[in-house]
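Taking it in order: structure first as structure tokens, then the write-up.
Read-outs throughout are calculated quantities, based only on the coordinates presented, and are distinct from any laboratory measurement. What you see is a predicted model; the values in this text were computed from it and never measured. Don't worry about glycine lacking a Cβ; one is built from the backbone with ideal geometry, like all the others, and counts go over all protein chains shown.
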């Protein structure tokens with residue numbers, strides 16, 4: 001497990017180094033026999049022994065009369081031991097209790113984000129950005145609030161990557177930071193280390209595995225690198241090798257035996273039959289931690305992460321070049337396009353020179369996400385490589401496969417190593433099966449119609465395909481994914497028939513597809529009705545307010561259908577009529593119906609239909625369907641809007 005220290009931005013792994021060394025300094029302090037339960041927890045917290053502090057704070061919560069500060073310390077203990085998801089309810093309880101720790105607002109947002117509560121997280125980040133006084137955290141809060149808008153796009157992007165946990169090497173401890181040398185997979189693990197009280201796990205050492213079956217990633221035994229690389233009193237992790245395998249650079253925590261701050265530094269060892277005693281690299285800063293080294297394929301540039309002064313904030317990626325005399329140049333910050341007020345760690349350089357990083361400052365899904373740098377801009381690798389947990393330390397085997405580390409749910413330990421590979425996406429083919437039928441006059445019966453031309457149109461009404469029905473009145477079109485269409489069937493002497501069809505949102509997720517290729521067939525039924533001059537056709541659901549003639553929004557939706565009918569049947573001219581029931585005076589009803597008919601016609605003309613193709617006629621109560629109507633339902637049948645074809649152009 002890796003440790004975050006937000007008030008002093010560091011890489012999670014290297015915070016563990018830092019806190020371990022803090023323990024070494026504090027170990028001489030005597031335990032106070034009279035400390036209260038909270039006092040004992042506070043001492044453990046101050047010593048960086050967060051795992052023990054959590055237990056003591058939880059016990060203290062059962063009896064304390066002031067739970068707010070205890071909840072805040074519990075939240076901080078979870079955060080600083082890299083368990084930010086578990087910190088969420090304690091930050092909330094502390095803030096609800098009125099604890100005056102403004103940074104709790106920001107970290108509550110971080111916890112909410114890690115638990116995929118993105119809207120709530122954005123609210124907390126915005127709140128802190130407006131009210132916070134810590135300039136560093138305010139900058140991060142503004143960045144985080146802005147980043148939330150990118151989350152839907154990251155979640156919905158199709159990547160077609162498949163994951164496989166490396167069960168051959170993952171344990172219930174932490175395994176992370178994979179790299180390859182001569183067919184062996186090197187990684188860091190806390191499996192055999194001395195107990196670290198910051199999180200209850202072991203100290204990290206470097207291990208290696210050579211598979212018996214590399215293609216299947218099966219078999220083989222894990223071996224632990226010996227002295228002088230691994231040491232019992234320090235953390236060793238994040239190794240990188242020169243291409244010829246003769247140079248190793250890795251991160252090691254300072255045990256406190258040398259002068260300078262208690263920190264993490266980069267060490268180099270040379271292979272001459274065995275690995276030499278590691279020595280400090282000249283590019284280390286005594287006032288900062290330096291970690292996550294990655295050599296470029298040609299061995300001439302070293303990338304690493306550091307929290308040294310002068311950066312963008314938190315941990316930044318730096319580079320240093322190696323000259324012909326084997327000396328490293330002064331490290332250079334990669335700049336604000338790559339580095340953020342957050343943390344950028346674990347760089348990796350692929351064979352083609354592409355840089356990959358892990359970052360919690362660029363738009364992501366939770367904590368650390370993995371990014372590829374394209375044209376000096378980070379591109380989130382998306383799901384499933386990235387999750388709401390920490391996803392970090394990529395090692396690319398090609399541009400479509402590689403390893404990475406994650407502490408996501410479902411793993412064996414606090415961190416696990418995964419293999420990923422871009423799979424060939426399973427294909428989905430969409431078709432629409434169309435049936436065209438005629439509604440027989442004066443019946444409710446239908447018959448199939450052959451040789452009917454059907455047009456497939458896009459949303460703008462532009463034809464993208466056409467076909468004719470077979471003797472059974474059927475035909476099919478192939479459709480694109482995530483696209484909307486209309487089907488239009490036409491035949492002289494018939495009203496054209498139209499139906500919308502869409503594939504939007506109908507593509508199953510890749511995980512639900514069981515075959516390399518899947519056909520999904522939609523259906524559409526188009527009914528053609530003969531045009532009979534002067535036959536009235538009711539336009540359903542056209543309602544008016546009492547004593548009003550204006551077109552209501554619900555009536556406009558129905559009139560839009562009539563607009564489409566006139567558009568699809570350009571040769572017809574119609575009369576649109578309005579009718580009232582018998583209630584009211586005859587003259588009044590006649591005038592009201594005329595005004596309503598004219599309003600409907602004016603609306604249709606406003607939609608682009610030529611005025612000479614439609615006339616308005618109000619009939620009042622002169623053409624009742626139900627004479628002597630008694631019930632409201634019968635009166636409603638008499639109150640209606642109709643149209644009839646008065647002319648068919650040749």
| request: Return, ordered by residue number, the residues of region 383-411 whose backbone nitrogen is under 17 Å from a label point located 7 Å along Cα→Cβ of residue 116. | output: 383-391, 407-411
| request: Give me the distance in nm between label points sitting 7 Å out from Cα along the Cα-to-Cβ direction at residue 63 and residue 431, one decimal. | output: 7.5
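By count of other Cβ within 10 Å, fewest leading, how are 358, 306 ordered?
Working: 358 31, 306 28.
Least to most surrounded, the residues fall as 306, 358.
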| said: In region 541-576, whose amide N lies under 18 Å from the spot 7 Å out along Cα-to-Cβ of residue 591? List them in ranges. | reply: 545-550
| message | Once R0 is set to 51 Å, what does the formula 1/(1 + (r/R0)^6) return for the Cβ-Cβ distance between residue 100 and residue 333, expressed as a FRET efficiency to the nearest 0.05? | response | 0.90
| field | Translational diffusion of region 290-346, µm² s⁻¹ [Kirkwood Rh, Cα pairs; Stokes-Einstein; 10 °C; 1.306 mPa s] | value | 138
| remark: Rounded to the nearest 10 degrees, the helix 553-568 long axis (Cα) sits at an angle to the longest Cα principal axis of the chain of 70
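Can you give the extra length, in nm with one decimal, that the chain gains between residue 534 and residue 274 once fully stretched, where that is 0.36 nm per residue apart less the Cα-Cα distance? Could the numbers behind the result be given before it?
Numbers: separation 260, 0.36 × 260 = 93.60 nm, distance 10.13 nm.
Full extension from residue 534 to residue 274 adds 83.5 nm.
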| request: Could you work out how far helix 67-80 tilts from the main Cα principal axis of the chain, as a 0 to 90 degree angle to the nearest 10? | output: 80
| task | Consider a paramagnetic label point 7 Å from the Cα of residue 424 along Cα→Cβ; state which residues of region 388-411 have an amide N under 20 Å from it. | result | 398-402
| note | Plugging the Cβ-Cβ distance of residue 622 and residue 470 into 1/(1 + (r/R0)^6) at R0 = 56 Å yields, to the nearest 0.05, a FRET efficiency of 0.70
| request: May I ask for the angle, rounded to the nearest 10°, between helix 103-114 and the longest principal axis of the chain, with both axes built from Cα atoms and the value confined to 0 to 90°? | output: 60
| query | With no solvent and one point on each alpha carbon, what is the Debye value of log10 I(q)/I(0) for region 328-485 at q = 0.08, 0.14, 0.17, 0.19 Å⁻¹? | reply | -0.49, -0.78, -0.99, -1.14
| Taking R0 as 45 Å, what's the FRET efficiency between residue 444 and residue 157 from their Cβ-Cβ distance, rounded to 0.05? | 0.35
| query | Using a basic spin-label model with each label point 7 Å from the Cα along Cα→Cβ, how many nm lie between residue 287 and residue 583? | reply | 8.8
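Hey, what number do you get for the chain at 222 nm if only DSSP H runs of n ≥ 4 count, each worth -39500 (n - 2.57), divided across all residues, to the nearest 500?
Numbers: 12 runs with 153 residues, N = 650.
Value at 222 nm, helices only: -7500 deg cm²/dmol.
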| query | Whole number please: convex hull volume per residue of the Cα set in the chain, in Å³? | reply | 243
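Once you have the Cα-Cα distance between residue 135 and residue 561, take 0.36 nm times their residue separation minus that, and quote the gain in nm to one decimal.
Length gained, residue 135 through residue 561: 147.5 nm.
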| task | Treat each spin label as a single point 7 Å out from the Cα along the C-beta direction, and report the residue 541 to residue 460 distance in nm. | result | 2.9
| note | In whole angstrom, the spacing between the Cα centers of region 364-408 and region 503-567 equals 45
